[in-house]
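The values are calculated or read from the model by the stated rules, or taken from the named source; none is laboratory data. Quick caveat, the model's predicted, so the values are computed rather than measured. Positions of Cβ are generated from backbone atoms using ideal geometry, with glycine treated the same way; all protein chains shown enter the neighbour counts. SASA here: full protein model, heavy atoms, side chains in, ligands and nucleic acids out. Shrake-Rupley method; radii C 1.70, N 1.55, O 1.52, S 1.80 Å.
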Amino acid sequence: MSADRTIRIVALDGIPEIRAGDDLGAFIGNALGRTAGALPLGLDDVLVVTQKVVSKSEGAVVDLTGVVPRRAAVTFAKRYDRDPRQIEVVLREARRVVRMENGVLITETPHGFVCANGGIDASNVGPETGSVVTLLPADPDRSAAGIRASVRSRFGVDVPVVVSDSFGRPWRWGIVDIAIGVSGLQPLDDLRGMPDADGRIMHSTVRNVADELASAAELALGKTAGRPVALVRGATFTRGEGSIREVIIPAANDLFR
């Protein structure tokens, strides 16, 4: 971490509309080169890449024109003014439906994430808006690792990568960006057994560093500026081959299941 404990967040410029098969790592490398102050990369840098461009580059997109919704999807959509085709895709992709009422559909994804609409999104999908939705990447850790490898090969610096997405939270209005994939860093900072500033031993404090990085990056990226990648510089994190699976609470410990 920087000696002055300053954190900078730089939204990268010039990443074009991403389509299936595009080399996202190459586009990010180009953006690093053209964004003032991004280079040279350092050991306290982290790249945060939003899910939407990752999904589009990997072809994790569904054309709604060919989706035939089941009766339950049609009924739910008609009652709450939703698109029945999107509801159908959410139900198809779900490991389980957690709640489906009051116009809200919360599911558990195959990755183990519990979120609204299973992370399936119709916003910021590009020229085909209204007729396509994006799915979550099949393996966000692998996606992050691919981008990391591309940047390392081009610039000779091993920069950890976080793939982020917007999630809501129980009991609070508003969404925040969280990590759905990581490569090159440990997503959690387990402080249990360590003394706090007063010398008291902490028994339950585990920081989700990956989520903090994702949320910090979103402050620079925003939702409407068309900037899907940010460089976070100067944050505290631990390097390592972590996985987003580490942040998912096992069913046995889930008090809300």
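Residues of region 4-13 being surrounded by 13 or more Cβ atoms within 10 Å (Cβ to Cβ) and not acidic (D, E), which ones?
Of everything in region 4-13, those that are surrounded by 13 or more Cβ atoms within 10 Å (Cβ to Cβ) and not acidic (D, E) turn out to be I7, R8, I9, V10, A11, L12.
Suppose we filter region 141-200 for residues that are within 26 Å of V54 (Cα to Cα) and assigned to a loop (DSSP other than H, G, I, E, B); how many remain?
8
When you check R245 against the structure, is it touching a residue at least 60 places away in the same chain (Cβ under 8 Å), over 22 Å from G33 (Cα atoms), open to solvent by 70 Å² or more (accessible area, probe 1.4 Å) and outside any loop (DSSP other than H, G, I, E, B), yes or no?
yes
List the helices (runs of 4 or more DSSP H) that sit entirely inside region 26-112 and contain at least 3 residues that are more than 25 Å from V229 (Cβ to Cβ) and open to solvent by less than 10 Å² (accessible area, probe 1.4 Å).
84-93
Restricting the search to region 207-240, which residues are open to solvent by 60 Å² or more (accessible area, probe 1.4 Å) and in contact with a helix residue (DSSP H, G or I) (Cβ under 9 Å, 6 or more places away or on another chain)?
R227, T236, T238
I want to confirm something. Restricting to region 133-163 and keeping residues that are open to solvent by less than 20 Å² (accessible area, probe 1.4 Å) and in contact with a Leu (Cβ under 8 Å, 6 or more places away or on another chain), which single residue is nearest to F237 (Cα to Cα)?
The qualifying residue nearest to F237 (Cα to Cα) is P160.
Yes/no per residue for (1) modelled with pLDDT of 95 or more; (2) among the polar types (S, T, N, Q); (3) closer than 20 Å to F113 by Cβ:
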residue	(1), (2), (3)
S143	yes, yes, yes
L191	yes, no, no
K223	no, no, yes
A251	no, no, yes
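Could you please find all residues in region 173-199 being open to solvent by 50 Å² or more (accessible area, probe 1.4 Å), of a type outside the set (A, V, I, L, M) and closer than 20 Å to V247 by Cα?
Passing the criteria: Q186, D190, R192, G193.
May I ask you to list the residues in region 17-32 that are touching an Asp or Glu at 6+ places or on another chain (Cβ under 8 Å) and under 20 Å from L136 (Cα atoms)?
Correct list: A20 only.
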